[in-house]
1. Just a yes or no: is a residue in the stretch 154-171 among the β-branched types (Val, Ile, Thr) and touching a residue at least 60 places away in the same chain (Cβ under 8 Å)?
2. Any residue that is touching a Phe, Trp or Tyr at 6+ places or on another chain (Cβ under 9 Å) and farther than 30 Å from VAL40 by Cα - is there at least one of those in the stretch 395-410?
3. In the stretch 513-534, which residue that is open to solvent by 10 Å² or more (accessible area, probe 1.4 Å) and of a type in the set (S, T, N, Q) is modelled with the lowest pLDDT?
4. Assess whether ASP169 counts as being out of contact with any helix residue (DSSP H, G or I) (no Cβ under 9 Å at 6 or more places or on another chain), surrounded by fewer than 20 Cβ atoms within 10 Å (Cβ to Cβ) and of a type outside the set (S, T, N, Q).
5. Scanning for something open to solvent by 50 Å² or more (accessible area, probe 1.4 Å), assigned to a helix (DSSP H, G or I), of a type in the set (A, V, I, L, M, F, W, C) and over 30 Å from ALA229 (Cα atoms), does the stretch 126-143 turn up at least one residue?
6. Tell me which of these HIS399 doesn't satisfy, since it passes every other one: (1) touching a Leu at 6+ places or on another chain (Cβ under 7 Å); (2) open to solvent by 50 Å² or more (accessible area, probe 1.4 Å).
7. Does SER619 satisfy the condition of being in a loop (DSSP other than H, G, I, E, B), of a type in the set (S, T, N, Q), at pLDDT below 95 and open to solvent by 10 Å² or more (accessible area, probe 1.4 Å)?
8. I'm checking my understanding of the structure. Among residues of the stretch 553-569 that are open to solvent by less than 10 Å² (accessible area, probe 1.4 Å) and not polar (S, T, N, Q), which one is farthest from the chain's Cα centre (by Cα)?
Amino acid sequence: MPPSDLSLMVGGPAGSGVNPASEIFMKACSRAGLFVFTNVEYHSNIHGRHIFFRIRTADEPITSHVERVDVLLALDSETIYGTDPHQDYQSHKGHLHEVVPGGAIVVDAKVGITTENLGRDDVRLLSLPYDDIVRSAVEEHGLEYNARRHAVMANMVPLGACCALLDFDVDRVIPIVAERLPERHQNLVPINRSVLHHAWEAAHDILGDAGFSQTLHARDDQPARMLVAGHEAIGIAKLHAGCAFQTYYPIAPASDESVYLEALQADWPIVVLQAEDEVASMNMAVGAAHAGVRAATSTAGPGFTLMAEGMGFASITEAPGPVVVLYQRGGPSTGLPTRNSQQDLRFALQPAHGEFPHIVVAPGDVEEAAQYTHLAFNWGDRYQVPVVVLADKFIANSHFTVDSLGLHGLPVDRGAIWTGDANGAEPYRRHKLTASGVSPRAVPGTPGGEFVTTSDEHTERGRIEEDIDNRIEQMDKRMQKLDIMLDEIPESQQFTLHGSDDADLTIVSWGSTRCPIRDAIRQVERESDIRVNNLQIRLLRPFPADAVREILERANRLLLLEDNYAGQLGLLIAEQTGIQIEEKALKYTGRPFSQDEVAEAIRRQVPMPAAVAASAHGS
């Protein structure tokens with residue numbers, strides 16, 4: 001573990017200020033030149049139930065969490081001990097057991113937790129009177145303390161104490177507080193500053209000269225970096241690609257993206273429309289695509305279920321899109337609405353009845369989430385098919401520091417556009433038979449480009465037709481697009497083999513598991529001579545079977561790693577290549593893989609020498 005690698009957790013009841021405190025601290029760390037990764041876990045009934053943020057900082061890029069907690073900032077006792085053992089709903093075990101020996105806990109004194117009753121004597125406890133500190137800060141400014149107005153600042157107390165604990169400059173936090181507060185509340189910035197400083201002093205008095213094992217020092221020599229959540233990156237990519245129409249119906253975890261775009265539509269050429277349901281969302285997006293604009297919708301598994309007929313409609317009418325961002329969560333049915341999964345791959349591969357072409361692509365991290373969302377619009381226009389971008393709750397709700405999203409220089413490809421002189425004297429044929437299967441499309445308003453199309457089987461001119469020869473011609477026309485896509489989409493976009501070609505172990509994966517895999521491989525290779533690579537498959541339909549088969553056949557040892565029960569990528573690989581991957585690391589708890597879990601899965605496949613293994617486990 002690099003000495004600067006810090007794992008911090010902020011926990012408390014939803015609505016108590018966990019999110020603002022966490023977001024303020026992670027931004028302060030990012031602007032101090034540190035690499036930051038954060039993710040959040042919360043109950044699906046949201047208000048009042050337990051929520052916690054993980055904030056991890058390091059002096060090198062990180063894209064996943066670790067199991068340990070170095071510092072726990074607790075806004076209530078439940079964060080430490082969990083729910084009452086007799087509570088039979090929305091229960092959890094708390095986070096005391098996750099705090100490492102020598103770690104620290106910051107807690108409100110009114111909770112009544114002391115060193116004697118904490119239950120652990122190897123943890124540093126900072127018990128501070130949150131309300132008293134806020135009160136003294138308010139009165140310092142000549143104001144009368146009003147709990148309804150001022151108690152909200154109590155979440156600044158653990159932040160100030162944390163800065164003292166980690167020897168982090170508390171004044172780096174204050175500009176972020178000022179940015180979060182609206183103009184009418186800027187008068188509260190000086191009071192928040194006082195709360196932070198009072199908390200810092202109180203924590204420093206408890207610590208004395210003993211200090212703490214971890215420090216968090218700014219690296220002002222580092223370049224400025226973005227701190228961006230996955231849903232923001234995808235929204236930015238839609239704007240960059242020229243998406244003009246976004247539909248949605250509220251559903252976790254997809255809604256964050258549309259809400260983000262709604263806040264931007266006054267300044268950017270995009271209309272964001274909340275429809276009455278997901279059926280309408282999909283059909284509106286299909287209609288907008290036919291009308292000539294780039295269109296998209298975002299949803300989660302239950303919503304995608306309602307979009308099934310619209311997916312088939314888009315494909316048989318050869319709409320240029322839309323782009324559907326599917327944020328996976330735990331199913332089936334309502335399932336785990338606010339938890340993570342990779343359970344929708346097989347659904348995305350066959351999202352409606354019948355046989356039809358479409359594209360399914362799964363980005364692996366926040367930069368790829370942006371880049372492949374942009375490319376999805378190009379593919380939708382070029383091949384006139386709907387495109388599903390498979391994201392998940394982990395990508396949506398995690399924050400990452402990145403140099404850029406990699407969007408600069410990506411082209412905008414609108415595909416083959418019909419013009420009035422293209423057919424000569426012939427009438428325009430929207431579904432004209434072509435060698436590629438792609439018919440030039442007329443943008444509405446083009447003279448001579450009027451057309452009809454239908455969800456029934458149709459002729460080249462879009463008229464309903466059930467003739468056998470016509471059916472074969474139109475089916476062949478549409479389905480051959482899949483072969484054209486595989487030929488034209490660069491292999492580097494379809495998949496990547498990260499690492500040495502002759503590694504001891506090849507981890508086969510798709511989607512956001514790339515993040516903990518990347519971190520775990522770096523950790524394992526530091527600890528040992530084990531060489532690990534990662535075959536990350538992005539393009540899932542059409543599937544690059546020949547190239548994947550070649551890589552798997554020459555691998556020394558294979559491990560399939562997925563965030564689902566069935567090993568759905570493994571099933572797809574077996575279907576497409578005939579290769580069955582026997583060794584699997586599958587997780588279906590609704591929580592994403594940690595770096596530690598992936599590292600342990602690697603160690604089980606390629607045993608280390610005993611001395612190295614003991615060191616890796618902290619023995």
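1. No, the conditions are met nowhere in the stretch 154-171.
2. No; the residues of the stretch 395-410 include none that is touching a Phe, Trp or Tyr at 6+ places or on another chain (Cβ under 9 Å) and farther than 30 Å from VAL40 by Cα.
3. Ranking the qualifying residues of the stretch 513-534, first place goes to SER528.
4. No; evaluated as a whole, the condition is false for this residue.
5. No: zero hits.
6. (2)
7. Yes: the conditions hold for SER619.
8. LEU559
The values are calculated or read from the model by the stated rules, or taken from the named source; none is laboratory data. Every value quoted in this text rests on a predicted model; they were computed, and no experiment measured them. No Cβ is skipped: glycine too gets one built from the backbone with ideal geometry, and neighbour counts run over all protein chains shown. Heavy atoms of the whole protein, side chains included, go into the accessibility calculation; ligands, DNA and RNA do not. Shrake-Rupley method; radii C 1.70, N 1.55, O 1.52, S 1.80 Å.
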